[in-house]
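Chemist: After the structure tokens below, expect a handful of questions from me.
The values are calculated or read from the model by the stated rules, or taken from the named source; none is laboratory data. These numbers come from a predicted model, not from an experiment. Cβ sites come from the backbone with ideal geometry, for glycine too, and all protein chains shown count toward neighbours.
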Amino acid sequence: MRVYYTDQFALPLPEGHRFPMSKYTLLRQRVAASGLVPHQKILIPPPLQDEAILRAHDSDYLRRVQQGKLSIHEIRKIGFPWSPEMVERSFRSSSATLESCRAALQEGVAVNLAGGTHHAFRDHGGGYCVFNDSAIAALNIIAEGHVKRVVIIDCDVHQGDGTAAILVDNPDIYTFSIHAEKNYPFHKQKSNLDIGLDDGTTDAVYLARLAEGLDYALEESQAELAIYLAGADPYEHDKLGRLSLTKAGLRQRDEMVLENCRTAGIPVAITMAGGYAKNVEDIVDIHFQTVATAAQIFNL
């Protein structure tokens, strides 16, 4: 199983910024120390070319990101101050998801230890997302001729609004989002399948609704590849989550998604998506649990 990391491209965030950037380094260190993945398969993704980004994003938006010409409003909407490091990391994180798709088609499963930036739209970013790595990866993996159909299974606690909007007219990519209905974004887009959950939803209800959604999405999509956003933010102690899943429930979620895909013969590229628990070690525990579950289920 190949694992891609981008934590060396850290963003220079102001003191007190609430985004837990340290989780990426801690997660990569945890994966490396565990022995789950051979050292030679823990990889830095290559740079991504502009052409790959432009399959999902407008050229004017890309240019303004690269040149630091985003407006104050656009930067505020993204949530990160502009910097060359922000640009580099955004390129590399999208590259890591595309590389994970290519690797999954060879080995069954692969992981981007970042990614899941599903609030980026074609012409603007939002919610800590500059480029939409899922849309970029899905569009490019199809354009390269590797597959004809992709399903995006978004289990971040927030709806994948940017992903849905970018791909709304694309019949070859199926978008499925299960999320807290009253959480951000407050104006939802239309995925192929949306399951909005009540605040405080616990393990049993979440897993039952997920099982229904997975059955439907995998049947409807007829996908040859899945991109799975394994957000840590449905966790009961997440500051931005509004759902009440336990770590055990999140492990069952991962098992359900990955077992269903493996049984259906669908390779899976996994991204980490959100996680905002007060204790960063809780976020790392949940993300690491996803990596370990993938290795177990795909017998790697």
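Chemist: Count, please, the residues in the stretch 178-198 that happen to be part of a loop (DSSP other than H, G, I, E, B) and either small (G, A, S) or under 22 Å from C129 (Cα atoms) (or both).
Modeler: Summing the residues that are part of a loop (DSSP other than H, G, I, E, B) and either small (G, A, S) or under 22 Å from C129 (Cα atoms) (or both) in the stretch 178-198 gives 12.
Chemist: Still on this structure: Could you please find all residues in the stretch 238-262 being assigned to a loop (DSSP other than H, G, I, E, B) and either under 16 Å from Y206 (Cα atoms) or free of Cβ contacts under 8 Å to residues at least 40 places away in the same chain (or both)?
Modeler: G241, R242, L243, S244, T246, listed by residue number.
Chemist: Follow-up question, since we're still on this one. So, Q66, is that one more than 19 Å from R102 (Cβ to Cβ), touching a residue at least 12 places away in the same chain (Cβ under 8 Å) and either part of a loop (DSSP other than H, G, I, E, B) or not aromatic (F, W, Y) (or both) or not?
Modeler: In short, yes.
Chemist: Working only within the stretch 103-140, note down all residues that are assigned to a helix (DSSP H, G or I) and surrounded by fewer than 22 Cβ atoms within 10 Å (Cβ to Cβ).
Modeler: Result: L105, Q106, E107.
Chemist: For the stretch 76-83, check the following and say yes or no: at least one residue is surrounded by 17 or more Cβ atoms within 10 Å (Cβ to Cβ), farther than 22 Å from S177 by Cβ and in contact with a strand residue (DSSP E or B) (Cβ under 9 Å, 6 or more places away or on another chain).
Modeler: The answer is no; no qualifying residue exists.
Chemist: Restricting the search to the stretch 273-293, which residues are modelled with pLDDT of 95 or more and of a type in the set (K, R)?
Modeler: none
Chemist: Let me ask another. Name the residue, out of T201, T163, that is not in a loop (DSSP other than H, G, I, E, B) and not charged (D, E, K, R).
Modeler: None of the others qualify; the one that does is T163.
Chemist: So how many residues does the stretch 18-45 have that are out of contact with any Asp or Glu (no Cβ under 6 Å at 6 or more places or on another chain) and either charged (D, E, K, R) or loosely packed, with under 13 Cβ neighbours inside 10 Å (or both)?
Modeler: So the count comes out to 10.
Chemist: Being under 19 Å from the mean Cα position of the chain (by Cα), outside any helix (DSSP H, G or I) and not β-branched (V, I, T) is the requirement here; does L36 meet it?
Modeler: no
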